[in-house]
Amino acid sequence: MTVLLSPTTGKPLRKDGPGVLTDGTERWPVLAGIPYLRTGRRELRDAALAAIDRGDERGALALLLRDQDDWARIPPPSLDEAACLADEIDGLTLRQAMERLNFGPVAHYFAHRWSAPTFLSALGLMETNWTDPPLVLELACGIGQILREVAAHGIAVAGIDVVFAKLWLARIFLLPDAPLVCADVTAGLPLELPEGAAILCHDAFYFMPEQERIAASLMAGAGERGSVLIGHAHNIRFEHGIAGRPRTPEEYAALFPGCRLYDDAELAHGPALARTPQELAAVEAVSLAWRAGGIGPTSPIDFHLPPAGTPLRLNPLLTRDSGRLRPAWPTPAFAREYANATYLEIDLPREDQLSGRVGDDPLTDDLARRRILLNLPERW
């Protein structure tokens, strides 16, 4: 892991006993290997540190598992419920854990994100602008699904999210070894990046406050050789009916001078051509790629297909209907998001083709690309 920095002083952090980091003036808790560097939570941070100091790691973890973002719709579990969840997590599925954490609609989003157009567009954005980075850092990484796809190809990854519980789920179910940090990037990046690193923020930038400040921080963090990739940034001209602070394509481009802009929907199918702000005036969402010296040569990479040998199983969104596989949407919101996802409808394959491994045969690989077959966590 690269050097961690205090979000308040910018000084390097070092260990200060079990479960604690310090820059010499302030202390920050570390639980499940995840540093809690979120600002604006001093009382919670101090309570977690006090629990760690008295040897009550379980109590400290329960405190942090209740910490939510500003957009949460449902109150968190009680302290006792959070502590019991921590005790029982090894016997639960990812979906059960999200239900116990009161994730609400977010639980559906995460449970089925592997085949969502907005997930595939993140893969397409990286494929279009891949520069063989030594590290991919994702901001607002959630439970780590995009990073899991990248890490499967042998690429170093790290994740930052403002919600500790999401990172905890990532550690348990998806990314047992990747560096994960709970922090608010409005205060700046809490770590030093290697030269040439790629910073990704997908389906989240438009939610962030102080976007000018964050954009400047990301470009500075990328340095001369790194890149910044902003995916699925909602266009304010499009009627979304969602929360957040969306902008026009022109305004996103102004935040990252010299960037390339894309229609996010086109990226869902793989590498795409850059577009002008005028061409993107009416699209639902844009993506962009920025590099200090401009986007130069890129390297071919295919994130839409997992590595050979990866076990696959039938997409749980799909049901059998009159000789075809068709989606059965868990909520109306899903039906709207997947409105153009025709890749999920197909004539029913043979029973022995509804699972397999990447590389078994061309049909299996095609079903994996179409998200009919998925590389889901073992305890999905």
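The values are calculated or read from the model by the stated rules, or taken from the named source; none is laboratory data. Since the model is a prediction, treat every value here as computed from it, not as a measurement. Cβ atoms come from the backbone with ideal geometry, glycine included; neighbour counts cover every protein chain shown. The accessibility values were calculated without ligands, DNA or RNA, using every heavy atom of the protein model including side chains. Shrake-Rupley method; radii C 1.70, N 1.55, O 1.52, S 1.80 Å.
Multiplying the residue separation of Arg237 and Ala47 by 0.36 nm and subtracting their alpha-carbon distance yields 64.0 nm.
For the range 186-343, a Kirkwood radius taken over Cα pairs fed into Stokes-Einstein (20 °C, viscosity 1.002 mPa s) yields D = 121 µm²/s.
Over all Cα pairs of the range 147-251, how is the pair count split among 10 Å bins, expressed in % and running from 0 up to the last occupied bin? Pairs per bin, as whole percents: 13, 42, 35, 10, 0. If you take the Cα centroid of the range 340-357 and the Cα centroid of the range 167-241, the two points sit 34 Å apart.
Spacing of the modelled spin labels on Leu79 and Leu348, each 7 Å from Cα toward Cβ, amounts to 5.4 nm. Hey, in the GNM for the chain with a 10 angstrom Cα cutoff, which one of Gly40, Gly221, Gly142 fluctuates hardest? So, out of Gly40, Gly221, Gly142, the one fluctuating most is Gly40. Charging the Cβ of each Asp and Glu at -1 and of each Lys and Arg at +1, and nothing else, the dipole of the chain about its Cα centre rounds to 220 debye.
Mean residue ellipticity at 222 nm, helices only, the chain: -7500 deg cm²/dmol; runs of at least 4 DSSP H residues each add -39,500 (n - 2.57), and the sum is divided by the number of residues. The share of accessible area on the range 81-226 that comes from carbon and sulfur is 50 percent, using a 1.4 angstrom probe.
With contacts taken as Cα pairs under 8 Å at a separation of at least 6 residues, the chain carries a relative contact order of 16 percent.
Could you sort 176-189, 321-334 so that the peptide with the highest average Cβ count within 10 Å comes first and the rest follow in order? Could the numbers behind the result be given before it?
Numbers: 176-189: 20.5, 321-334: 13.1.
Result, highest mean first: 176-189, 321-334.
Per-residue packing, averaged as other Cβ atoms within 10 Å, sorts the ranges 357-370, 335-348, 55-68 into the order 55-68, 357-370, 335-348, beginning with the highest.
Across the protein chains, with a 1.4 Å probe defining accessible surface, the residues Glu224, Glu210 rank Glu224, Glu210 from largest area downward. Diffusion coefficient (Stokes-Einstein, Kirkwood radius over C-alpha pairs, 37 °C, 0.692 mPa s) for the range 336-380: 282 µm²/s, rounded to a whole number.
Converting phi to 3J(HN,Hα) with the Karplus coefficients 6.51, -1.76 and 1.60 and the offset θ = phi - 60°, the range 149-165 yields 4, 5, 4, 4, 8, x, 9, 5, 9, 8, x, 10, 8, 7, 9, 4, 4 Hz in sequence order, with x at every glycine or proline. Protein-only accessible surface at a 1.4 angstrom probe places the residues Glu251, Glu351 in the order Glu351, Glu251, largest first.
D for the chain, whole µm²/s, Stokes-Einstein with Kirkwood Rh over alpha-carbon pairs at 25 °C and 0.890 mPa s: what number?
114 µm²/s
The calculated Kirkwood hydrodynamic radius for the range 126-189 is 11.9 Å, given to one decimal from all distinct C-alpha pairs. Of all the options Phe119, Phe256, Phe238, the one that moves most in a Gaussian network model of the chain with Cα springs shorter than 10 angstrom is Phe238. A Förster radius of 35 Å, combined with the Cβ-Cβ distance separating Glu251 from His153, puts the computed FRET efficiency at roughly 0.55. For the set Lys11, Lys166, solvent exposure ranked by accessible area (probe 1.4 Å, protein chains only) runs largest to smallest as Lys11, Lys166. For the range 207-214, the Karplus equation 6.51 cos²θ - 1.76 cosθ + 1.60, evaluated at θ = phi - 60°, returns couplings of 7, 6, x, 6, 5, 4, 5, 5 Hz by residue, with Gly and Pro reported as x. Residue by residue, the range 3-16 carries 3J(HN,Hα) couplings of 5, 8, 10, 5, x, 9, 10, x, 7, x, 9, 9, 5, 9 Hz when phi is fed to the Karplus relation 6.51 cos²θ - 1.76 cosθ + 1.60 (θ = phi - 60°); x denotes Gly or Pro.
The mean sequence distance of close C-alpha pairs (under 8 Å, at least 6 residues apart), as a share of the length of the range 66-112, puts its relative contact order at 40 percent. In this simple spin-label model, placing a label point 7 Å from the Cα along the Cα-to-Cβ direction at both Asp90 and Trp380 gives a separation of 2.5 nm.
Per the Cα gyration tensor, the range 33-126 maps to an equivalent ellipsoid with semi-axes of 28, 17, 13 Å, ordered largest to smallest. Annotation: per residue accessible area for the chain equals 43 Å², rounded to a whole number [probe 1.4 Å, protein chains only].
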